[in-house]
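Heads up, the thing below is written out as structure tokens.
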């Protein structure tokens, strides 16, 4: 099953292609078509981490070289805590050593960390070069690789240093998920559930019909395809309407406000991104219930889905509530000192508001402390 989902931006339109087995045809896809050549230059820098590169690096290089590209590689250490300006220098050094030009292309082969760092490097090298996203994690496939948000972390906050830089192509090969660790697969389910809550009630219902969501082997090929296409279409639609998060796109941050604070305060070592988002989604749901924006029954439906994916639904032990409240003030989404929350109003719809009293945030966080 192959799907092509357009991201219709006036100046930076591109396609998200979902094609099983496509990792071995990357070179062909990067050439584009006769009617729509991508013109990605002759020099390519493939950026990955050792674990992903071991599985797919040689196959990707062979495909690119067969298509006529000159290929160099740059391997970065694996993990969110390496998503820093210091690590970013390794990409710049490789680009310089291999004489990449403005017409050249960076290829991100990996999960969200590799995609974010490669995108930011592409946005800033020679004031902007092409980038192609080849996500190898479910989280990157349904979220991080799409939309052009790029960046690295600051010691005091996640993704505080970044830029918008749209890819020229996003190529998704579902077959690569077979080598994805179970924990990373589960974490990505949080983002899929997110799309169901804020945008796509049909996707939410399909997820509810699944007996289990915690492992790839528990999903049918049809459900996996539906998860990918529904999630990508949702993000493509939102990004097409609001490329740089001036309004509508902010709803994609559902669960991320408190989630980012939890990630940062635990040093990116205790919970991964998707697990933090799951915790943030539970918090946002309870805040919405407390503000009488959302029905308790719908909050319970979301909680059941998260539990069905074996995702955490309580705060990590030992985390300080005052530290969370303080961290929220450093979030990118703060405006005029007011923390903005994405809150659901029904399955498939959400709003963005800065009218959330601190007393309610604290009350919800207290309820979510690990027993």
If we keep only residues of region 89-100 that are out of contact with any helix residue (DSSP H, G or I) (no Cβ under 6 Å at 6 or more places or on another chain) and surrounded by 13 or more Cβ atoms within 10 Å (Cβ to Cβ), then the residue nearest to residue 263 (Cα to Cα) is 90
Across region 165-188, the tally of residues that are modelled with pLDDT under 95 and either closer than 17 Å to residue 85 by Cα or touching a strand residue (DSSP E or B) at 6+ places or on another chain (Cβ under 9 Å) (or both) stands at 0
In this structure, does residue 245 turn out to be assigned by TED's automatic domain parsing to the domain that holds residue 330, closer than 25 Å to residue 121 by Cβ and surrounded by fewer than 22 Cβ atoms within 10 Å (Cβ to Cβ)? yes
Residue 10 being within 23 Å of the chain's Cα centre (by Cα), surrounded by fewer than 15 Cβ atoms within 10 Å (Cβ to Cβ) and either free of Cβ contacts under 8 Å to residues at least 12 places away in the same chain or closer than 30 Å to residue 271 by Cβ (or both) | yes
Condition set in contact (Cβ under 8 Å) with a residue 24 or more places away in the chain and in a helix (DSSP H, G or I), scope region 286-295, selection surrounded by the fewest Cβ atoms within 10 Å (Cβ to Cβ): answer is 290
request  = Tell me, please, whether a residue that is in a strand (DSSP E or B), more than 22 Å from residue 138 (Cα to Cα) and not assigned by TED's automatic domain parsing to the domain that holds residue 276 can be found in region 87-101.
outcome  = no
Okay, helices (runs of 4 or more DSSP H) sitting entirely in region 296-371 with 3 or more residues that are modelled with pLDDT of 95 or more, within 30 Å of residue 216 (Cα to Cα) and out of contact with any helix residue (DSSP H, G or I) (no Cβ under 7 Å at 6 or more places or on another chain), I get 296-308
Pairs returned, first residue in region 47-64 that is under 11 Å from residue 136 (Cβ atoms), second residue that is at pLDDT below 95, beta-carbon separation under 6 angstrom, 6 or more apart or interchain, are 49/78; 51/78; 55/179
Here the residues within region 5-47 that are within 12 Å of residue 170 (Cα to Cα) and in a loop (DSSP other than H, G, I, E, B) are 13, 19
Flagged in region 261-285 as within 13 Å of the chain's Cα centre (by Cα), in a helix (DSSP H, G or I) and at pLDDT below 95, in numbering order, are 273, 274
Those residues of region 60-86 that are crowded, with 16+ Cβ neighbours inside 10 Å, in a helix (DSSP H, G or I) and at pLDDT 95 or above come to a total of 4
Q.
Take the conditions part of a helix (DSSP H, G or I) and either farther than 14 Å from residue 122 by Cα or out of contact with any helix residue (DSSP H, G or I) (no Cβ under 8 Å at 6 or more places or on another chain) (or both) and apply them to residue 51. Does it pass?
A. yes
Residue pairs qualifying under the 6 Å Cβ cut-off, at least six apart or on distinct chains, with the first in region 210-221 being on the phi > 0 side of the Ramachandran plot and the second being part of a loop (DSSP other than H, G, I, E, B) and at pLDDT 90 or above, are none
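The values are calculated or read from the model by the stated rules, or taken from the named source; none is laboratory data. Here the structure is a predicted model, which means the values were calculated and not measured. Backbone-built Cβ (ideal geometry, glycine too); neighbour counts: all protein chains shown.
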